[in-house]
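This report refers to the structure that appears directly beneath it.
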Amino acid sequence: MLLANISKVGFCVIKFIIVDDEAKTTEKVKQIISQTIFKYDVQYNIVSYCKYDNKLAKEIDDVSTIKVYIMDIELEDSISGIEIAKKIREVDWESNIIFITSHDRMFETVYRTLYNVFDFIEKFENMEERLITDLTKIAKHNFDYKTFKYSCRNIEMQIYLSSINYIHRNSN
């Protein structure tokens, strides 16, 4: 049985994923997100991780929601934020990635290594102001909610229409 349809979600839900091993920074970022996004007609969820693990890997592989990753570059007991961002880009080109780090010299490495990084913010230089500016831009963005849903033989897929170049059906 083949089941396919195109749907449009009536509202925007953004999932903010914080990856930082410093609890103080994580709490500050959560506070900034809540205070900034509250002003807009956007529903949101915030989740946080202190390292790369199976839960974060599953989060990355789930491309069914709009996501904003806010990550530190250097994480204890884990792979680096840059490596995590590479894993994100292997499966997801739609999500925004913002690096918040105390390593200002990593800017060039990040931009040479990764594509489509939304911003690189230094923790000790106007972090709050720059993050508010970035979150405001993201909240005002007109996201494309239209998706193509496909279901066949216990396999279900959901793909944003903007990611589809063409669809071909073979009648055999």
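The values are calculated or read from the model by the stated rules, or taken from the named source; none is laboratory data. Only a predicted model underlies this, so the values are computations on that prediction, with no experimental measurement involved. Note: ideal-geometry Cβ built from the backbone for every residue, glycine included; neighbour counts use all protein chains shown. The accessibility values were calculated without ligands, DNA or RNA, using every heavy atom of the protein model including side chains. Shrake-Rupley method; radii C 1.70, N 1.55, O 1.52, S 1.80 Å.
The H on the amide N of Ile46, modeled in the peptide plane, is under 5 Å from the matching H of Phe16, each at least 5 residues off or on a different chain. Here's how it looks for Ile121: its modeled amide H is under 5 Å from those of Phe99, Ile100, Thr101, which are all 5 or more places away or on a different chain. Got a sec to turn the phi values of the range 50-61 into Karplus ³J(HN,Hα) couplings, 6.51 cos²θ - 1.76 cosθ + 1.60 with θ = phi - 60°, whole Hz, x for Gly and Pro? Using θ = phi - 60°, the values come out as 9, 7, 7, 8, 4, 5, 5, 4, 5, 4, 5, 5 Hz. Divided by 2.2 N^0.38 Å, where N counts the residues, the Cα radius of gyration of the range 52-104 comes to 1.09. Residue ranking by accessible heavy-atom surface, 1.4 Å probe, largest first, among Val91, Val13 comes out as Val91, Val13.
With R₀ fixed at 30 Å, the C-beta to C-beta distance from Phe124 to Ile79 puts the FRET efficiency at about 0.80. Between Ala57 and Asn116, full extension at 0.36 nm per residue minus the direct alpha carbon distance yields a gain of 19.3 nm. Taking amide hydrogens as placed 1.01 Å from N in the peptide plane, the amide H of Tyr69 sits under 5 Å from those of Ile17, Asn96, Ile97, Ile98, each at least 5 positions away in sequence or on another chain. Sorting the segments 60-68, 14-22 by their mean number of nearby beta carbons within 10 angstrom, highest to lowest, gives 14-22, 60-68. Across the range 74-89, rounded Karplus estimates of 3J(HN,Hα) from the backbone phi angles (6.51 cos²θ - 1.76 cosθ + 1.60, θ = phi - 60°) give 9, 10, 6, 6, 7, 6, 6, x, 5, 5, 5, 4, 4, 5, 4, 5 Hz, Gly and Pro being marked x. Shown in residue order for the range 26-35 are the 3J(HN,Hα) couplings computed by the Karplus curve 6.51 cos²θ - 1.76 cosθ + 1.60 at θ = phi - 60°: 4, 5, 5, 5, 4, 5, 5, 4, 4, 5 Hz (x for Gly and Pro). Each label point was placed 7 Å from the Cα along the Cα-to-Cβ direction; for Asp21 and Glu90 their separation is 2.1 nm. In the structure shown, the pairs Lys28/Lys149; Lys28/Lys67; Lys39/Lys149; Lys51/Lys149 are assessed against 29 Å; a Cα-Cα span above that value is assigned to Lys28/Lys149; Lys39/Lys149; Lys51/Lys149.
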